[in-house]
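One structure is given below, encoded as structure tokens.
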Amino acid sequence: MGVAGEHAIRLTIPAKAEYITLGRLALTGLSRLRELSHENLADLKLALTEACSNSVRHAYPNGQGVVEIVYDLQPDRLVIEVADNGGGFDFSERGPGDAELSEGGLGIAIIESIADELEIGPRENGQGSRLRFVKLLR
């Protein structure tokens, strides 16, 4: 994964909707280290939920697989990366502001509206998908 901060926290969950809550709980615990506002925390939880939901819904047609989440809390930002080893999608067809990345479509638009930076593409190993977003901490 691209996030490699010294204090990065990695969480691997089964690609099932009921496990997304674990990712949200880890984010809540991590947020206490930086005293994020309730509004920022709620926004980040929503973005994380959307990112994980995309992997759960679209990466593994048979429901078997894992979603990897990396949280990297830096002095001025929180970087979150969500990755899977699923079939992925055609990254070349996505343009700026294109919300129709998946069937639901709105998930990426929601993340885009919350994040200060957003990257979507294949994993470094070429298998699966990687969504990385950054929230600047002011």
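The values are calculated or read from the model by the stated rules, or taken from the named source; none is laboratory data. Predicted model, so just to flag it, every value in this text is computed and none were measured. With ideal geometry, Cβ positions are generated from the backbone for all residues, glycine too; neighbour counts draw on all protein chains shown.
Worth pointing out:
- Test: residue in the stretch 98-105 that is modelled with pLDDT under 90, in contact with a Phe, Trp or Tyr (Cβ under 8 Å, 6 or more places away or on another chain) and either outside any strand (DSSP E or B) or closer than 16 Å to Ser55 by Cα (or both): yes
- In the stretch 75-85, of all residues being under 14 Å from Arg130 (Cβ atoms) and surrounded by fewer than 22 Cβ atoms within 10 Å (Cβ to Cβ), the one that is modelled with the lowest pLDDT corresponds to Asn85.
- Complete set of residues in the stretch 1-11 that are surrounded by fewer than 14 Cβ atoms within 10 Å (Cβ to Cβ) and either at pLDDT 95 or above or assigned to a strand (DSSP E or B) (or both): Arg10
- Among residues of the stretch 29-56 that are in contact (Cβ under 8 Å) with a residue 40 or more places away in the chain and buried (at least 18 other Cβ atoms within 10 Å of the Cβ), those with a beta-carbon under 6 Å from a residue that is outside any helix (DSSP H, G or I) and of a type in the set (Ser, Thr, Tyr) at least six positions away or on a different chain give the pairs Leu30/Tyr71; Asn54/Ser102.
- Members of the stretch 23-50 that are farther than 15 Å from Val67 by Cβ, polar (S, T, N, Q) and part of a helix (DSSP H, G or I): Thr28, Ser31, Asn40
- Asp72 vs. criteria closer than 16 Å to Val134 by Cα, modelled with pLDDT of 90 or more, surrounded by fewer than 17 Cβ atoms within 10 Å (Cβ to Cβ) and acidic (Asp, Glu): no
- Selection of the stretch 51-61 for residues being among the aliphatic types (A, V, I, L, M) and not in a helix (DSSP H, G or I) yields only Ala59.
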